[in-house]
Amino acid sequence: MSLKETQRLTCQQVEFFADDELIEIIPNIKLPVVNLIAGDFGPFEVGIPVTVPLWLAVGLKEAKRCRILPPSWLTEEKILAKVEEERNNPNSGLVQLHQHYMEIASKLLHVASDDLEQPFKIRKALEDLLDLRTNKLRKGLFNVRERTPFIKINNISWMELNSLRGPLLEILCTFASFDGSSEMETSRTREEQSQSAPPQETEHRRTLRKYQ
Amino acid sequence: MEESYQEGKEDINYDVWRLRKWLVNEKCCNDILPYQEELVTGFADLCQFQQSLVEQVTGTDDFATILVKNLKELELERIRYLLKEYLRTRLRKIESLLFYLGRDKEKWSLLSSAETEYMKQLYQLMTSHFERSFLNGLPEKLRAIDERDGDNPPGNLDDMDEFVFLYAAEEIGNVTTDPSSQVTSTIHIRKGEVVCLRYSVAKQYLLDESAFLL
């Protein structure tokens, strides 16, 4: 097995990291301050909001000992606003979202849907948002047409980046290997999503078709 | 990228985040990075201490006490996973880069004493195995086993200079990208930006912790 295969960051690991994000809960149990390695959380008083890591919130929720307060961005209205923003700016970069928005939303929809307002609508809005962002990223990927020393991909979430990693790195490495032909071309500063020039039928482009 | 977990909140041990960042840095680049001894030994001691506290809680029927104990055990498992994955990732890397590390003694300072010992012994075992099994039967000029061939371990840093995704935790400023190219270009990296660039460019920002890999 090559080094790359053994080292790859998996989706499960990204999800594991998302579980450390802080979230507010309203406990229905009285507990003293919980001294964890990651920090001290609590005290937990009935009806008083307290900030805890997501994994702890999920643990208490599964024991039916708290109500989770969803993050401010996890409402149908806020997500639809982001969908609209993404839709209105098809040629610009991605809209800013939480770095673990997919993982947090999916976990809360799974374990705490009763704490969310209209979870079905939230799920639908999230699917729309994800589709739009994925399409934007795919388009951006297809716009990489020559050797480039860097690409800025602002506001990409960690999970989105993890799915983009393989194809994008392969494309960049492929172009880097076409050293001689593109070395003399002027390297220019650009962002992946800002590319809108019409594609040209070159050998490089034909190579890239497999990533479509 | 919006980070919800920004420094400033009291009672939070941000070393957990640092350990996670170093784990991801190791996973996302082909080079071996400096061993984070302080973090690893610190967390190993903390885990041991927390385990002893958890074990002291016995023979109680109090629901709240049992719940807190379970939460602490759950967290212990999470921290241990991070530690193990960090160490395992480095061991896999050492095995993959064995011949490169074996002959580049400067790189040994990046390893822990246990890792260095493991690398030396493995290097010796592999070398003697290859020699006994077939190398000794070849003409002398073909006996070297540290040459790159196909998917074999890389022989120098150039082979590790792949593209990586860098997240700027601080304002980095102007950076010259792709210094090996005839055409130089610069990029201004602001705090919170994600840039895909060469590892050789990103490395210094990983080492001073002003950025990390994703």
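With 30 Å as the limit on Cα-Cα distance, the pairs of B:LYS84/B:LYS105; A:LYS152/B:LYS72; A:LYS64/B:LYS191; A:LYS136/B:LYS93 that go past it are A:LYS152/B:LYS72; A:LYS64/B:LYS191; A:LYS136/B:LYS93.
What separates the Cα centres of the stretch B:73-142 and the stretch A:1-72 is a distance of 36 Å. On the beta carbon distance between B:GLU131 and B:ALA44, with R0 = 35 Å, the FRET formula returns roughly 0.40.
Normalised by residue number, the volume inside the convex hull of the Cα atoms of the stretch A:103-147 is 63 Å³ per residue. Enter the angle in degrees (range 0 to 90, nearest 10) between the Cα long axis of helix B:37-56 and the first principal axis of the Cα atoms of chain B, meaning the one along which they spread out most. It is inclined by approximately 30 degrees.
For chain B, modelled as a Gaussian network with Cα springs under 10 Å, which listed residue fluctuates most, B:LEU142, B:LEU74, B:LEU91? So, out of B:LEU142, B:LEU74, B:LEU91, the one fluctuating most is B:LEU142.
Here the accessible area is traced with a 1.4 Å probe on the protein chains. For the stretch B:1-97, carbon and sulfur cover 48 percent of it. Solvent-accessible area per residue in the stretch B:1-97 equals 47 Å², computed with a 1.4 angstrom probe and all protein chains kept. Label positions at B:LEU207 and A:ASP131, each projected 7 Å from the Cα along the C-beta direction, are separated by 4.8 nm. When chain B is treated as a Gaussian network with alpha carbon springs shorter than 10 Å, the biggest mean-square fluctuation among B:THR58, B:THR186, B:THR177 belongs to B:THR58.
Using a 1.4 Å probe over protein heavy atoms, the accessible area lost on pairing A with B, summed over both chains, comes to approximately 5600 Å². When chain B is treated as a Gaussian network with alpha carbon springs shorter than 10 Å, the biggest mean-square fluctuation among B:LEU122, B:LEU138, B:LEU166 belongs to B:LEU138. In the full protein context, the stretch A:3-175 carries 43 Å² of accessible surface per residue, based on a 1.4 Å probe and ignoring ligands, DNA and RNA.
In the stretch A:11-143, Cα pairs under 8 Å separated by at least six residues give a relative contact order of 23 percent. In this simple spin-label approximation, B:ILE66 and A:LYS78 carry label points 7 Å from Cα along the Cα→Cβ vector, and these lie 3.7 nm apart.
Put simply, the amide H of A:LEU36, placed in the peptide plane, has neighbours under 5 Å in A:PHE41, leaving out anything fewer than 5 places away on its chain.
Considering only alpha-carbon pairs that sit under 8 angstrom and 6 or more positions apart, the relative contact order computed for the stretch B:1-97 is 40 percent.
The values are calculated or read from the model by the stated rules, or taken from the named source; none is laboratory data. If you're wondering where the values come from, they're calculated on a predicted model, not measured in any experiment. Cβ atoms come from the backbone with ideal geometry, glycine included; neighbour counts cover every protein chain shown. Accessible surface is based on the protein model in full, side chains and every heavy atom, while ligands, DNA and RNA are left aside. Shrake-Rupley method; radii C 1.70, N 1.55, O 1.52, S 1.80 Å.
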